[in-house]
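The values are calculated or read from the model by the stated rules, or taken from the named source; none is laboratory data. Computed from a predicted structure; not experimentally measured. When we count neighbours, we look across all protein chains shown, and the Cβ atoms used for this are built from the backbone with ideal geometry, even at glycine.
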Amino acid sequence: MRILVTGGAGFIGSNLVRHLLASGHSVLNLDKLTYAGNLRSLSDVADLPGYEFAHVDIVAIESVRQLFGRFRPEAVMHLAAESHVDRSIDGPRAFIETNVVGTMNMLEASLEYWRELESEQRERFRFLHVSTDEVYGSLGAKGYFTETTRYDPHSPYSASKAASDHLARAWHDTYGLPVLVTNCSNNYGPYQFPEKLIPVVILKCLRGEPIPVYGKGENVRDWLYVEDHCTALAAVLERGRIGETYNIGGNNERTNLDLVQTLCQILDRLRPCPTGDSHAAKITFVADRPGHDLRYAIDASRIKQELGWEPKQDHASGFEKTVRWYLDNESWWQSILSGDYKLERIGGTR
């Protein structure tokens, strides 16, 4: 299958591109290459005959249209997005432009292209919109997000993703575009930009610096290993029901403090502190993020029942694999830290 992937140089996108190529698909990776896009994450597949990269911003609709005409995709997997909550607090405009306007452009270009296809090709075409569980807002101590949970976004990021979800469904309901939507829990694993919680903790430990934990560390997230997420996205693209939404979760709830302590324990074993102290001694509680949702948890029963998917990594194996990857790939993250981003706090209260 010929698949156009937007945001393929990002964290989830680069892992997805690698998975699709390994599965025998041809991939056109469309990416703007913002701070979070890194072609070094795809250096091992850059020369494969089935892979192509296009440096394009999805806000530039004419450039997007040209790529559709040239590449002739059989499917679109739309991941391109501004995705960091803290950055959305400091600069929400970029999130509206990319996540809302950019998504509309992808839908418009896809619809124009789809309408011109022969009937058999039209039947096969799919547009998969990849989103987040943050659109649902915050859970209490009990319960889970399902595909019918009411939207209740609280940050500029989650509001922009909620808008893009509604646009994707509207293009299906109004125009008949064969759209699928997924909402996933927090991803982690190889090639994650080091402003997210797990790589921040790992790199702070390695540098012997204080480990920041928002508030009291009581916020709960369901952690999904990125390679498991990629297999779920492939399953939805290949076998999902058009017009449906599929929630993708890791069955791996942790408080932020528990997660940080787990990572410190792994590093105590794999890369002990020179002083002999536990890395956890560096945990420092900092002012909470504005509008910080208390708990996210995914009910992933639909995708399991309909498509036979469930995560392979559990709470122990996935975190261990991730820590080992960062230890083994220092050149990748050092190249990022040598640039503009220095693991500093962003999106704080003012």
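When the stretch 179-222 is examined, which residues are found to be closer than 18 Å to residue 264 by Cβ and among the aromatic types (Phe, Trp, Tyr)?
Of everything in the stretch 179-222, those that are closer than 18 Å to residue 264 by Cβ and among the aromatic types (Phe, Trp, Tyr) turn out to be 188, 214.
From the set of residues in the stretch 277-335 that are of a type in the set (Lys, Arg) and within 25 Å of residue 209 (Cα to Cα), which is nearest to the chain's Cα centre (by Cα)? Don't jump to the end; show me each part of the working.
Our first condition is that a residue be of a type in the set (Lys, Arg); within the stretch 277-335, this holds for 282, 289, 295, 302, 304, 312, 321, 324.
Filter once more, keeping what is within 25 Å of residue 209 (Cα to Cα): 282, 289, 321, 324.
Working: 282: 28, 289: 20, 321: 18, 324: 20 Å.
Among them, the one singled out is 321.
Please go through the stretch 19-33 and pick out each residue that is in contact (Cβ under 8 Å) with a residue 40 or more places away in the chain and crowded, with 18+ Cβ neighbours inside 10 Å.
We begin by selecting, within the stretch 19-33, every residue in contact (Cβ under 8 Å) with a residue 40 or more places away in the chain; these are 19-20, 23, 28, 30-32.
Residues satisfying the conditions are 19, 20, 28, 30, 31, 32.
Suppose we filter 7, 69 for residues that are among the small types (Gly, Ala, Ser), on the phi > 0 side of the Ramachandran plot and at pLDDT 95 or above; which single one remains?
On the way: 69 fails: on the phi > 0 side of the Ramachandran plot.
After applying the criteria, what remains is 7.
Tell me, yes or no, whether the stretch 192-211 has at least one residue that is of a type in the set (Val, Ile, Thr), part of a helix (DSSP H, G or I), crowded, with 20+ Cβ neighbours inside 10 Å and touching a Gly at 6+ places or on another chain (Cβ under 6 Å).
No, every residue in the stretch 192-211 fails to be of a type in the set (Val, Ile, Thr), part of a helix (DSSP H, G or I), crowded, with 20+ Cβ neighbours inside 10 Å and touching a Gly at 6+ places or on another chain (Cβ under 6 Å).
So for the stretch 122-139 (the condition being farther than 19 Å from residue 292 by Cβ, β-branched (Val, Ile, Thr) and within 17 Å of the chain's Cα centre (by Cα)), does at least one residue qualify? Break it down into steps so the answer makes sense when it comes.
As a first pass, look at the stretch 122-139 and keep what is farther than 19 Å from residue 292 by Cβ: 122-131.
Those still in the list that are β-branched (Val, Ile, Thr) too: 130.
From the residues that got through so far, the ones that are within 17 Å of the chain's Cα centre (by Cα) too are 130.
Checked against the condition, which is being farther than 19 Å from residue 292 by Cβ, β-branched (Val, Ile, Thr) and within 17 Å of the chain's Cα centre (by Cα), the stretch 122-139 yields at least one hit.
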